[in-house]
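Derivation of every value follows stated rules applied to the coordinates shown; laboratory data play no part. All values reported here derive from a predicted model rather than from experimental measurement.
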């Protein structure tokens, strides 16, 4: 029991010694003559954002036929946000096209995907 108390005391002393280490939390003062508007070079485009950089959009264009023998064209859209990839986005687009085709009474024959 005494060993545990001694170890806890040692760890408490060591832990309190490191409490002041690390970067400061003070924010640097900004001179009054500088504006709060970021310069154009500081702006970040949507392609540079870490989460959105991996986002993918897919457009699936499908053609098919109706029960009466007519032709039909259906377009489906799909998207992913983070690390989804084109394959997943196009799978969502195909599901969207299938749902639209079913509501139109269209049987899809072929589809082509365009991912960006």
Expressed as a whole-number percentage, the relative contact order of the stretch 49-116 with C-alpha contacts under 8 angstrom and at least six residues apart is 42 percent
Rounded to two decimals, the Rg over Rh value of the stretch 52-116 from Cα coordinates and the Kirkwood Rh reads 1.08
